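K.L.:
Just dropping this structure here.
The values are calculated or read from the model by the stated rules, or taken from the named source; none is laboratory data. Just so we're clear, the structure is a prediction, and the values are computed from it rather than from any experiment. Neighbour counts are summed over all protein chains in view; Cβ atoms, including those assigned to glycine, are modelled from backbone coordinates with ideal geometry.
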C-alpha cells in the first residue's frame with residue numbers, strides 16, 4: 001500500500017549465492033520447481049481484492065457482514081474482464097473469535113472465486129495503517145480519506161502503543177503463540193487446495209512508520225512466520241513481497257526465502273522496468289502484487305503491457321470503489337465524493353468502468369476482448 005521507492009533495487013545483490021538465506025533455505029522450492037509451477041499457471045492477472053461493502057479485512061470476513069452474494073457479483077465482473085487471481089487479506093482476530101466460521105467462509109469464498117476461474121493469494125500479516133483492531137462493528141469511512149479503516153495485523157498487540165515511537169508490547173509470548181496457531185491451522189486447512197494460488201505471509205513488514213527506524217521490529221516476526229509455514233509444507237508457494245529500498249537486509253532475506261518473488265511498486269514505467277530487470281537474475285517467477293496509482297504515473301496503459309510481455313504477474317491495488325476510499329490518494333484527503341482523478345480502483349459500484357479504455361485494455365491483454 002505504500003510507494004516502493006525503486007532507487008533500491010540497485011542495492012540488492014544480484015547473486016543468489018550472495019544472499020543470506022537463513023535457516024529455511026534448504027526447504028525453499030528450487031528455482032526449477034517454481035518455474036514449472038508457474039508455467040502451468042499461465043499469466044497471472046488480477047487485483048488486491050476487498051469487496052465494496054467492507055472497510056477492512058474484518059468487515060469482509062466476519063459472520064455478520066460477510067456477503068457472498070456481493071462477492072459473487074463482483075468476481076463475476078472480474079471474470080468478464082479476464083482477471084484470474086485475487087490477493088485477499090485475512091486477520092488473526094477473525095480466527096481467534098470464530099476459527100471454524102472463518103474457515104467455512106474462506107471455503108465458500110474459494111468456491112465462488114473458482115466458479116469464476118479465479119484463484120486466490122491469501123495474505124496473513126500486515127503492517128499497514130491502523131495499529132488498533134477489534135472484532136465487531138467496524139468504523140464508518142472517513143470522508144475523502146484513503147483506507148481510513150484498514151487495520152494492521154498484529155499491530156499494537158505485538159509492537160505496543162505508538163506515540164513518539166513504537167515499542168514492543170510488554171509480553172509478546174502469548175500473541176506470537178496465537179499467531180503461530182492461527183497460521184498453521186489456516187494453512188493446514190488449505191495446504192493442498194488447488195484454488196489457492198500462493199501464500200503471501202507478511203504484507204509490507206516494517207510499514208507504517210519511518211522504515212529507517214522501525215523495520216527491524218518486524219523482522220523477527222517475518223522470520224517466524226516463514227518457519228511456521230515451512231513446517232506446514234503447503235503445496236502452494238510461499239512469498240513475502242519486497243516494498244522499500246532502504247530495507248536492504250530484510251529485502252535480501254525475503255528474496256532468499258521466498259519460493260516466488262513478489263514485489264510492490266507504484267512507480268512509472270522506467271522505474272518499474274528497472275525493478276523487473278534487477279530481479280530477473282534470481283531466475284524465479286515474479287508477481288507484482290501491488291501497482292497502479294494513476295496520480296503516481298503507474299497506470300494500466302503504461303505498466304500492464306510490460307508485465308505481460310515480461311510474464312510478470314500483474315495484481316493491481318483495488319477493484320470496485322467502496323468503503324476503503326482508495327479512489328483517494330494516500331496523503332491527500334479531500335472533502336469530496338471522489339477526486340478528479342481516481343488513485344486506485346477499476347469499477348464503480350454498479351460495475352461500470354471508471355475509464356472505459358482501461359477496461360478495454362485489460363480485456364485485450366487477458367484475451368477477453
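K.L.:
For the range 255-279, name all the residues that are over 24 Å from residue 321 (Cβ atoms), in contact with a strand residue (DSSP E or B) (Cβ under 8 Å, 6 or more places away or on another chain) and without any contact (Cβ under 8 Å) to a residue 40 or more places away in the chain.
P.N.:
261, 276
K.L.:
How many residues does the range 223-256 contain that are under 17 Å from the mean Cα position of the chain (by Cα), assigned to a helix (DSSP H, G or I) and within 22 Å of residue 267 (Cα to Cα)?
P.N.:
3
K.L.:
Looking at (1) in contact with a helix residue (DSSP H, G or I) (Cβ under 9 Å, 6 or more places away or on another chain); (2) without any contact (Cβ under 8 Å) to a residue 12 or more places away in the chain; (3) closer than 30 Å to residue 259 by Cβ, which one does residue 353 not meet, given that it meets all the others?
P.N.:
(3)
K.L.:
Residue check: is residue 72 at pLDDT 95 or above, exposed (fewer than 15 other Cβ atoms within 10 Å of the Cβ), in contact with a helix residue (DSSP H, G or I) (Cβ under 9 Å, 6 or more places away or on another chain) and not in a loop (DSSP other than H, G, I, E, B)?
P.N.:
Judged against the criteria, residue 72 is not a match.
K.L.:
Does residue 144 fit the bill of being at pLDDT 95 or above and assigned to a loop (DSSP other than H, G, I, E, B)? Working first, answer last.
P.N.:
Details: at pLDDT 95 or above: yes; assigned to a loop (DSSP other than H, G, I, E, B): yes.
When the stated conditions are applied, residue 144 passes them.
K.L.:
Which members of the range 257-288 meet the condition of being assigned to a helix (DSSP H, G or I) and under 19 Å from the mean Cα position of the chain (by Cα)? Don't jump to the end; show me each part of the working.
P.N.:
We begin by selecting, within the range 257-288, every residue assigned to a helix (DSSP H, G or I); these are 257, 269-282.
Passing the criteria: 257, 272, 275, 276, 279.
K.L.:
Determine whether residue 189 is out of contact with any strand residue (DSSP E or B) (no Cβ under 9 Å at 6 or more places or on another chain) and either modelled with pLDDT of 90 or more or within 25 Å of residue 254 (Cα to Cα) (or both).
P.N.:
Yes.
K.L.:
Is it the case that residue 365 is modelled with pLDDT of 95 or more, buried (at least 16 other Cβ atoms within 10 Å of the Cβ), more than 23 Å from residue 74 (Cβ to Cβ) and over 21 Å from the mean Cα position of the chain (by Cα)? Break it down stepwise before answering.
P.N.:
Values: modelled with pLDDT of 95 or more: yes; buried (at least 16 other Cβ atoms within 10 Å of the Cβ): yes; more than 23 Å from residue 74 (Cβ to Cβ): no; over 21 Å from the mean Cα position of the chain (by Cα): yes.
So residue 365 does not fit the description; no.
Here's the yes/no breakdown for (1) surrounded by fewer than 21 Cβ atoms within 10 Å (Cβ to Cβ); (2) part of a helix (DSSP H, G or I); (3) at positive phi:
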{"position": "53", "(1), (2), (3)": "yes, no, no"}
{"position": "64", "(1), (2), (3)": "yes, no, no"}
{"position": "87", "(1), (2), (3)": "no, no, no"}
{"position": "100", "(1), (2), (3)": "yes, yes, no"}
{"position": "105", "(1), (2), (3)": "yes, yes, no"}
{"position": "108", "(1), (2), (3)": "yes, yes, no"}
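K.L.:
Which count do you get for residues in the range 333-350 that are without any contact (Cβ under 8 Å) to a residue 12 or more places away in the chain and either farther than 25 Å from residue 70 by Cβ or within 23 Å of the chain's Cα centre (by Cα) (or both)? Spell out how you get there, then give the answer.
P.N.:
Pass one, the range 333-350, residues without any contact (Cβ under 8 Å) to a residue 12 or more places away in the chain: 337, 340, 350.
Still in the list and also either farther than 25 Å from residue 70 by Cβ or within 23 Å of the chain's Cα centre (by Cα) (or both): 340.
Number satisfying all stated conditions: 1.
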